[in-house]
Amino acid sequence: MRISRKKRPDKPLIPHYKKNAEIAAAELLLLDEDGQRIGVMTRQEAIDLAFEKEFDLVEINPKSDPPVAKLVDFSEFKYQREKEARKQKAHSRTSDTKGVRLSIRISDHDKETKQKQAEKFLDRGDKVKIELMLRGRENARPDLAEALIRNFIGNIQKTVEVRTEQDIVRQGKTVTAIIVKK
């Protein structure tokens, strides 16, 4: 597998929030530092109130009518949002589909090795695609391939609880199945 060494642009963790003079809306629905509704006022009145209370005026929801702005200490607000975003990013993991290739003439030891590899993938939270390529005269006996895959899944189920996401399917010369940890 090729590893890409290209530098990818860094995406900011949180979106850009307009603050103070950057806000373009003429009228704003203003919230105080506790989130209590103050009311609808012009942009200049809201900015004056923010400076009077020594806070920043930050546009929270620009899409509503009128846009919602809040009186906050911007550096603290930004830190809290970044902290929440990092926490969400740390807890989210996309599951990949990992492949395990078998053949009809596979030895028992090799099958055990592939089984351990598949169990490791499943424990990590990945899906496992079991592929079996049929060659030559093996194409005449797809029932052997299906039996081998069922046996392989049965052996995995002895140690890890799995469910089949895609049942055993023959597509040309390959027989495949996809399993996922319950």
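Observations, loosely collected:
- Listed values for region 62-77 are Karplus-derived 3J(HN,Hα) couplings in whole Hz (6.51 cos²θ - 1.76 cosθ + 1.60, θ = phi - 60°), namely x, 8, 6, 10, x, x, 9, 10, 9, 8, 8, 7, 4, 5, 5, 4, and x replaces Gly and Pro.
- Between His16 and Ser95, the contour length at 0.36 nm per residue exceeds the alpha carbon distance by 25.5 nm.
- Working from label points 7 Å from Cα in the Cα-to-Cβ sense, the Thr164 to Ser75 distance is 6.1 nm.
- Percent of Cα-Cα distances greater than 21 Å, calculated over region 97-181: 22
- 9 Å beta-carbon shell around Thr176, net charge (K/R +1, D/E -1): +1
- With θ taken as phi - 60° and the Karplus curve 6.51 cos²θ - 1.76 cosθ + 1.60 applied, the whole-hertz 3J(HN,Hα) list for region 124-140 is 6, x, 8, 8, 10, 9, 9, 10, 9, 8, 9, 10, x, 5, 5, 4, 6 Hz, x standing for glycine and proline.
- Normalised by residue count, region 20-91 yields a Cα convex hull volume of 97 Å³ per residue.
- Kirkwood-based shape ratio for the chain, expressed as Rg/Rh from alpha carbons: 1.34
- Antiparallel DSSP beta bridges within the chain, as percent of all bridges there, nearest 5: 75
- Gain upon complete extension [Asp108, Arg135; 0.36 nm per residue less C-alpha separation]: 7.8 nm
- In the chain, the longest principal axis of the Cα atoms and the axis of helix 43-52 are about 80 degrees apart.
- Residues Lys83, Lys19, Lys70, sorted so that the one with the fewest Cβ neighbours within 10 Å comes first: Lys83, Lys19, Lys70
Taken together, the values in this text are just the output of simple stated rules run on the coordinates, not laboratory data. Since the model is a prediction, treat every value here as computed from it, not as a measurement. Note that we place each Cβ from the backbone using ideal geometry, even for glycine, and neighbour counts take in every protein chain shown.
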